[in-house]
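Just so it is clear, none of the values below were taken in a lab; they were calculated from the coordinates. Quick caveat: nothing in here was measured; it's all calculated off a predicted structure. All Cβ positions, glycine included, derive from the backbone under ideal geometry; neighbour counts span all protein chains shown.
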Amino acid sequence: MKQNTHNVEIAGSSPVVPTMIQAISEYYLQKGFDKVYINTNKEPRKVATLHRPDGSITSMSYAKYLYTSHYKTDVAEGDQVDHINGDKMDDRIENLQVLSRNYNNKKDREPAKYVMCICHVCGCEFIFPKRNINSHPNPCCSRKCGGIKSYLNSTPRKQ
C-alpha cells in the first residue's frame, strides 16, 4: 500500500499533524472517491477523510473505513464499528465488529453502584443509588415514608 506523509489541516482534527495518504480501497474507488487521508484526532482515534475528484470530502472513523473496505458493504444507519478489545487504536479487521449504537453505548457503561441506607422514619434497611446521595442526603425507603418525613419536617411541632 502506497503511503506518503503530508501536513494537512482537516477541520475538526488536531492542529496540523502528519497525515498519511494511502492507496484507496477498491470499494471506495467504485463509490467515486479517489484519495483517502488518515489522521489521528484528539481522542486519539484514527479518522479517514475520503476525497472525490470534484473536491467534496467525507470523514469517517478509520475502523469503519477498514471494515467497509474489507467486507465491501456499508454499515447500516444507527450501527457503529466497535473495537472488540476496547483499544480504539487497534484497527485489525479481526478486532472490529458492528454493533447497534444503543448496545455499543451500554456495553462500556459502568454498572450502577448502590449503598445500604437506613430509613429515618421506619428504621428499615434499603439500597439506594450512590449517584443520588448528594441530591437526597437523607433518603427514605418508600414514598410513604418520604411523605411522612416531609410532613414531619414541614409542620411546626407543639411543645
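Among Ser61, Ser142, Ser100, the largest mean-square fluctuation in a Gaussian network model of the chain (Cα springs under 10 Å) belongs to Ser142.
When the Gaussian network model of the chain links Cα atoms closer than 10 Å, the mean-square fluctuations of Met116, Met89, Met60 top out at Met116. Here region 114-154 is treated as an ellipsoid with the same Cα gyration tensor; its semi-axes, largest first and in whole Å, are 17, 12, 7. 3J(HN,Hα) couplings calculated from phi for region 98-110 with the Karplus curve 6.51 cos²θ - 1.76 cosθ + 1.60 (θ = phi - 60°) are, in sequence order, 9, 10, 5, 4, 4, 5, 4, 5, 6, 4, 8, 6, 6 Hz; Gly and Pro show x. Loop only per DSSP, at most 15 neighbouring Cβ atoms within 10 Å: give me the trypsin sites (Lys or Arg not before Pro) in region 82-159, ordered by residue number. Passing both the DSSP loop test and the Cβ count: Lys88, Arg92, Arg109, Lys113, Arg157, Lys158.
The C-alpha atoms of the chain define a longest principal axis, and helix 62-71 lies at about 60 degrees to it. Comparing mean-square fluctuations of Ile84, Ile21, Ile127 from a GNM of the chain with C-alpha springs under 10 Å, the top value falls on Ile127. The loop-placed GluC sites (Glu not before Pro) in region 52-159, going by DSSP, that have at most 11 neighbouring Cβ atoms within 10 Å of their Cβ come out as Glu77. Cross-linked pairs Lys35/Lys72; Lys72/Lys106; Lys64/Lys107; Lys113/Lys149; Lys31/Lys64: Cα-Cα separations exceed 23 Å for Lys72/Lys106; Lys113/Lys149.
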